[in-house]
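To start, the structure itself, in C-alpha cells.
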Amino acid sequence: MPTPTATIANLTATGDVIIGPGALTTMVKGLPVACMGDAVAGPLCIAGVITMTTAINKLAKGRPTANIGSLVTGVSMLGFPVSTAVLVCPNVNVIV
C-alpha cells in the first residue's frame with residue numbers, strides 16, 4: 001500500500017529527527033526527500049540510520065526513498081540498540 005514520502009526533518013515514533021543528507025535534487029514541499037542510509041538523531045537514537053523502506057522501486061539519487069513506516073535502527077545514548085519507525089510525515093499528498 002502506498003504511503004506518504006518522508007523528508008528531512010520528519011520525526012520517528014520516538015521523536016528522533018531525520019537529518020539527512022537526503023536527495024538534495026528531489027524536493028517535496030521544499031525539503032529534500034529522505035532515503036535509505038540517511039542519518040537520524042534525537043533524544044532516544046543518537047546514531048541512527050534509515051535501514052528499510054517499502055518504497056524500494058522509488059529511487060532518488062539512486063537510493064530507495066523513505067516513507068511512513070520506514071525502519072530506523074541505531075544506538076541509544078547508553079549504547080543499546082534502538083529500532084523505531086518514521087511516523088510523522090506532513091507530506092500526506094505526496095504518495096510513493
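The values are calculated or read from the model by the stated rules, or taken from the named source; none is laboratory data. On a predicted model such as this, the values are computed, not experimentally measured, just so you know. Note: ideal-geometry Cβ built from the backbone for every residue, glycine included; neighbour counts use all protein chains shown.
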Practice task
Return the residue satisfying two criteria in turn: it lies in the stretch 43-76 and is in contact (Cβ under 8 Å) with a residue 24 or more places away in the chain, farther than 14 Å from T14 by Cβ and of a type in the set (S, T, Y), and of such residues it is surrounded by the fewest Cβ atoms within 10 Å (Cβ to Cβ).
Solution key: T54
Handout entry: Cβ-Cβ under 7 Å pairs, at least 6 apart or on other chains, the stretch 16-42 side touching a residue at least 12 places away in the same chain (Cβ under 8 Å) and surrounded by fewer than 15 Cβ atoms within 10 Å (Cβ to Cβ), far side outside any strand (DSSP E or B) and basic (K, R)
Key = T25/K61
Exercise for the section: Test T3 against the criterion of being surrounded by fewer than 22 Cβ atoms within 10 Å (Cβ to Cβ) and either within 11 Å of the chain's Cα centre (by Cα) or at pLDDT below 90 (or both), and give yes or no. Expected result: yes
Practice task
Among the residues of the stretch 70-96, write down those that are within 18 Å of N57 (Cβ to Cβ), at pLDDT below 90 and part of a loop (DSSP other than H, G, I, E, B).
Solution key: V94, V96
